[in-house]
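Following: one structure in structure tokens, then a few remarks.
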Amino acid sequence: MIIKKVTWLELFYDLLFVAAVPKASHVLLHVEHETLSFETQGKFILIFIPIWWAWVGQTLFVNRYGQDTVMHRIFLIIQLFFVLIMTASLSVDFDANYLPFLIGYLGLRIMTAVQYHYSHSRESGHLRSTARYLGSRFWIGLTISACSLFFDSWLRYAVLYAGIILDIILPLTGRRILVKTPANTHHLLERFSLFALILLGESVVSILAVLQSSSWTGQSVGFAALTFVLIIAIWWQYYDNLEKKVDMHIQTAGQTIIYGHLFIYLSLCMLAASIQLLFLDQLHYGPMLNLLFGSALLYFASTALVFQVYRHKQHRLGMKPLAGLTAILACFYVLDLLVHVPNVLIMGELALFFALYARITA
């Protein structure tokens, strides 16, 4: 398999999404009366998914068809402008900024569809068939989402996300076509791991917020230190697996990487918000544990799945270590439910869990 290099323009493209990601994760910090409402949690997911899918759409196009040509750069630069519009419109008050958000999102997806049509006119064989399939199918979801302009209230969002969900599902239904033009696994994992690094950086920002929100007491420094251990353990587990355990020569449609990373990214955003909420004691104890341990479980399950599929056979994990790690996390959760423990101890438990996860898997 040819190793495809990530270009500087792709990295610059990611840089603009660095501004979009915090806007999504910060939605989870809007706590009222020590409660994180289902509406707020829903808004977080509904804001994050279009960001993720817009980024994924362009990343996958570049993976199969991208060449560092003048035309490719022009397409990508135009998309950068739409990223700016979409990012500027993101807020908890979705209604007030709906039109610029829709323009930004549709602009990004339209440019990706146009690129597939452009590639269809220039490619042959399976590459041509794949470009025709994706380029034509993506217009269906785009058209449905655009029709949301004709509706008000909750119907507007129902129509918008019906189009987005269809857009996300269509590549799955066309898997038999896409596997004939397999994704470049090395490039795909590199791109998704770079985006994961952006999201992991949100947890580092949370440590800074913890240290800046109070005087430098033993508790705040201890909490920040344990949080730092947790982040390093996550980094160690993820990137050691990526560098040492994964078979980059596996050729698939890449859909396990693509859709599995949605849950990895969601969990990292949730974890970053949980760190601040836990230290500041802004949530009731039970919901706080649910959010924190739910984030950890989601990350553990999604990374275990993604890396298990792409690991070299001799490095694949058996059920015993995975079951053991699950049992450890469950025990910590149940213990904390039964006995009200300080936030420093909770963070220590999670740091220990992720350290064990890194040790066992990497």
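The values are calculated or read from the model by the stated rules, or taken from the named source; none is laboratory data. These figures come from a predicted structure and were not determined experimentally. What goes into the accessible areas is simple: the full protein's heavy atoms, side chains included, and nothing from ligands, DNA or RNA. Shrake-Rupley method; radii C 1.70, N 1.55, O 1.52, S 1.80 Å.
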Report task. Would you indicate which of (i) 335; (ii) 139; (iii) 157 is the value of volume of the Cα convex hull per residue in Å³ derived from the coordinates of this structure? Result -> (ii)
Report task. Give the accessible surface of the chain per residue, rounded to a whole number of Å², with probe radius 1.4 Å and ligands, DNA and RNA excluded. Result -> 44
Requested in this report: Pop out the carbon and sulfur fraction of the accessible area of region 219-362 as a percent, whole number, probe 1.4 Å.
Outcome: 70
Query - Residue order for V114, V339 - accessible surface, 1.4 angstrom probe, largest first - result: V339, V114
Report task. Quick one: which residues, 5 or more positions from R311 or on another chain, have an amide H under 5 Å from its amide H? H modelled 1.01 Å from N in the peptide plane, none for Pro or chain starts. Result -> D247
Query raised in the report: In region 7-88, what percent of the accessible surface is made up of carbon and sulfur (1.4 Å probe, ligands and nucleic acids excluded)?
Result: 72
Report summary line: Calculated from DSSP helices alone, with each H run of at least 4 adding -39500 (n - 2.57) and the total divided by the residues of the chain, [θ]222 nm to the nearest 500 comes to -26500 deg cm²/dmol
Requested in this report: Stick to Cα atoms and the Kirkwood definition of Rh, then tell me Rg/Rh for region 219-362.
Outcome: 0.99
Query - Cα extents of region 301-362 along the three principal axes, largest first (Å) - result: 43, 17, 16
**Report entry** Above-threshold pairs, the threshold being 29 Å between Cα atoms, out of K5/K180; K43/K320; K5/K320
**Finding:** K43/K320; K5/K320
Query raised in the report: If you roll a 1.4 Å probe over region 144-217 with all protein chains in place, what percent of the accessible area is carbon or sulfur?
Result: 71
